[in-house]
């Protein structure tokens, strides 16, 4: 809440300067286009804040600082302020725009401002989940430093939710586990043992969650290293733990389609919230699976095949992974089909998933498999191929079984 209010009302920073809660220094005078700005540097516990003051009228035009992104790490946060108007004794910006790394998150217009209104008691009370958080708590400090997933999904600058970690490992077959976070996002992944080590499928939603995943690997396979990390796609809720795994020396398997995204992620500075990668001496190894191509790994006992699904509505770098062992098939997919929920938010995803399964001959034209076939979804619950067809049929989603 403090972070949001400060971004929306930069005059709060000046109030804190007057109360000696922050320091302020003059930095420089700059010209941008036809406007001259005096740049002031205000101290901050996270990163110094630059205020650009219009030299002609004395209003705050923009604010720049750094914050932490769960994947991109240190990024520039910029807020711009326009149309300042006086509300009784204080002036307020009637337009506020907030962006991170050049991507606009919020555009807010104010019609009016009321000074010191009377509000009901408890109007700004915190939800019970976060009530009682203190400024020295771990959650508070993480939130203060982090541009989190909710920013991108809901366009609320600076909002942070407590990173509850509740991973549970479920054995699917000998040496194969589903690992699912039973907290708010219900994200799942897999760990697969083979002769030379362990393969992790999906790095999960944050560094903290990924660290818990690594503990599960260590508990179940104490003498084996994680040799490979297969990442379904680059979205923040699936890939924010990648750096934690790669910092151990694991080879990263990704799909083509994101340009230099992963190169930038793996070499990014992380000074706001230092992570394992920022102190690692590892030179990352990255293997890119080309469009409509595949990547394989086998020890003669377990067979892992990764396919690039280029024709899908969700992500250009989308991978699905088939794990075959003991005459069983486990298919990991993320955000193409939210299996087992009785609904799906992945519009167009199920159709593209089943089209790919037929294309790569994982199922036949009738959507049948010669072996027991279980879909392990990123978000959802494991379902057999038969259960998936039944659920999608009830949802009225046509996956064209038996039409080819």
Requested in this report: Considering each of 283, 270 in turn, give the residue that is touching a strand residue (DSSP E or B) at 6+ places or on another chain (Cβ under 7 Å) and under 28 Å from residue 74 (Cβ atoms).
Outcome: 270
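This table checks each residue for (1) modelled with pLDDT of 90 or more; (2) under 30 Å from residue 247 (Cα atoms); (3) not in a loop (DSSP other than H, G, I, E, B).
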residue	(1), (2), (3)
81	yes, no, yes
86	no, no, yes
112	no, no, no
123	no, no, no
127	no, no, no
Query raised in the report: Is it fair to say residue 158 is crowded, with 23+ Cβ neighbours inside 10 Å, modelled with pLDDT under 95 and in a loop (DSSP other than H, G, I, E, B)?
Result: yes
Requested in this report: Within the range 38-79, work out how many residues are assigned to a strand (DSSP E or B) and either in the same structural domain as residue 271 (by TED's automatic domain parsing) or farther than 18 Å from residue 95 by Cβ (or both).
Outcome: 16
Requested in this report: Would you please name the residue that is farthest from residue 380 (Cα to Cα), looking only at residues in the range 190-213 that are modelled with pLDDT of 90 or more and touching a helix residue (DSSP H, G or I) at 6+ places or on another chain (Cβ under 7 Å)?
Outcome: 198
Report task. For residue 237, indicate whether it is in the same structural domain as residue 354 (by TED's automatic domain parsing), assigned to a helix (DSSP H, G or I), touching a helix residue (DSSP H, G or I) at 6+ places or on another chain (Cβ under 9 Å) and under 22 Å from residue 350 (Cα atoms). Result -> yes
Query raised in the report: So residue 396 clears everything in (1) touching a helix residue (DSSP H, G or I) at 6+ places or on another chain (Cβ under 8 Å); (2) surrounded by fewer than 21 Cβ atoms within 10 Å (Cβ to Cβ) except one condition, right? Which one?
Result: (1)
Requested in this report: Please verify whether the range 7-14 includes one or more residues that are more than 16 Å from residue 91 (Cα to Cα) and either over 34 Å from the mean Cα position of the chain (by Cα) or modelled with pLDDT under 95 (or both).
Outcome: no
Query raised in the report: Within the range 367-390, how many residues are in contact with a strand residue (DSSP E or B) (Cβ under 7 Å, 6 or more places away or on another chain) and without any contact (Cβ under 8 Å) to a residue 60 or more places away in the chain?
Result: 9
Report summary line: Just one listed residue, out of 15, 31, is out of contact with any strand residue (DSSP E or B) (no Cβ under 7 Å at 6 or more places or on another chain), part of a strand (DSSP E or B) and more than 30 Å from residue 239 (Cα to Cα), and it is 31
Requested in this report: Answer yes or no as to whether residue 253 is crowded, with 19+ Cβ neighbours inside 10 Å and closer than 20 Å to residue 194 by Cβ.
Outcome: yes
Report summary line: Residues of the range 295-311 being surrounded by 14 or more Cβ atoms within 10 Å (Cβ to Cβ) and either at pLDDT 95 or above or not assigned by TED's automatic domain parsing to the domain that holds residue 355 (or both), in sequence order, are 295, 297, 302, 303, 304, 305, 306, 307, 308, 309
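The values are calculated or read from the model by the stated rules, or taken from the named source; none is laboratory data. A quick note: this is a predicted structure, and the numbers were derived from the prediction, not measured. No Cβ is skipped: glycine too gets one built from the backbone with ideal geometry, and neighbour counts run over all protein chains shown.
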